[in-house]
Amino acid sequence: GEAGTQGPGPDGAGTGRPGADGAGTGDLSVDGRVPLLTAVMPDADGVVRARWRTEATPGDRRWAFLRTLRRGQIVSGTVTRIPAFGVTFVDIGGFEAMINIPELSWRRFEHPCDVVSVGEEVRAEILDIELLPERVSLSLKALHEDPMRRLAGMVGSTVVGPVTKVVPFGVFVRVEEAEGGLEGLVHTSELADERLEGQDTTVRVGDVLPVRILGVDPARRRITLSHRQAVAVPGD
């Protein structure tokens with residue numbers, strides 16, 4: 001239904017005059033029910049009329065839910081799908097939120113399925129909420145400490161790890177015990193003397209090397225290592 005009004009009267013209620021269809025003003029309700037949504041706009045004849053719905057639509061329910069959320073809030077949900085393009089979708093209270101690839105983990109991985117699986121229950125932090133379009137962005141990694149920051153406190157220490165990749169300019173060595181742990185680069189110039197010549201064949205994936213942590217850059221996600229310094233004899 002709709003009601004014509006020209007604004008509030010002395011008691012704050014709408015007074016106004018009847019609209020073109022003869023509808024008057026008064027209690028903006030239908031059958032004693034308060035309308036769920038009211039829009040006020042002038043019609044062609046200049047009369048301001050209120051229009052409302054008395055039954056919530058799916059869109060109303062989604063908007064009502066979105067307005068209960070806050071940035072930084074921790075929510076629980078179920079992974080519903082992981083499309084080919086890699087974004088992970090999570091059901092939180094009947095609304096499908098999304099986790100972009102960089103927000104899944106601090107560690108390197110090949111595909112989101114290496115981190116989560118469909119049907120898995122997860123906890124995440126809300127990064128952003130958009131009413132138009134209806135979108136909620138989540139982060140799994142925000143609930144975990146960045147392992148690089150812990151590693152930054154180990155600069156100067158020597159660790160032992162396996163070679164994970166051999167490239168023309170050096171080798172990558174995993175500096176954490178767990179599979180998928182952080183990796184750092186040993187530049188060719190930082191390989192021990194016996195490794196400098198033909199290092200692409202003498203150093204193989206799986207070889208275990210002692211390395212010294214020279215630097216950690218969390219912002220650029222880089223770890224610099226030295227094999228030469230790790231095996232150097234004091235006084236040489």
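The values are calculated or read from the model by the stated rules, or taken from the named source; none is laboratory data. Everything numeric here is computed off the predicted structure, so don't read it as measured data. In this analysis, Cβ positions are derived from the backbone assuming ideal geometry, glycine residues included, and neighbour counts consider all displayed protein chains.
Matching residues to (1) among the charged types (D, E, K, R); (2) assigned to a loop (DSSP other than H, G, I, E, B); (3) touching a residue at least 12 places away in the same chain (Cβ under 8 Å); (4) exposed (fewer than 13 other Cβ atoms within 10 Å of the Cβ):
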{"residue": "Ala64", "(1), (2), (3), (4)": "no, no, no, yes"}
{"residue": "Arg70", "(1), (2), (3), (4)": "yes, yes, yes, yes"}
{"residue": "Gly86", "(1), (2), (3), (4)": "no, yes, yes, no"}
{"residue": "Met98", "(1), (2), (3), (4)": "no, no, yes, no"}
{"residue": "Trp106", "(1), (2), (3), (4)": "no, yes, yes, no"}
{"residue": "Val116", "(1), (2), (3), (4)": "no, yes, yes, no"}
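Of all residues in segment 214-230, those satisfying the criterion of being in contact with a Ser or Thr (Cβ under 9 Å, 6 or more places away or on another chain) and among the aliphatic types (A, V, I, L, M) are Leu214, Val216, Ala230.
The set of residues from segment 96-107 being modelled with pLDDT of 95 or more, charged (D, E, K, R) and under 27 Å from Met148 (Cα atoms) comprises just one member, Glu103.
Restricting Leu151, Leu185, Leu138 to residues that are buried (at least 17 other Cβ atoms within 10 Å of the Cβ), in contact with a strand residue (DSSP E or B) (Cβ under 7 Å, 6 or more places away or on another chain) and free of Cβ contacts under 8 Å to residues at least 60 places away in the same chain narrows the list to Leu185.
Taken over segment 167-194, the criterion of being at pLDDT 90 or above and of a type in the set (Gly, Ala, Ser) is satisfied by Gly170, Gly184, Ser189.
A count restricted to segment 118-141 and to residues that are within 30 Å of Arg174 (Cβ to Cβ), part of a strand (DSSP E or B) and not polar (S, T, N, Q) stands at 7.
Going by the structure shown, is Pro102 of a type outside the set (D, E, K, R) and within 30 Å of Thr224 (Cα to Cα)? Yes.
Listed here are the residues, each with its yes/no results for (1) closer than 21 Å to Leu143 by Cα; (2) at pLDDT 80 or above; (3) not hydroxyl-bearing (Ser, Thr, Tyr).
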position	(1), (2), (3)
Gly22	no, no, yes
Asp31	no, no, yes
Leu37	no, no, yes
Val79	yes, yes, yes
Asp91	yes, yes, yes
Gly94	no, yes, yes
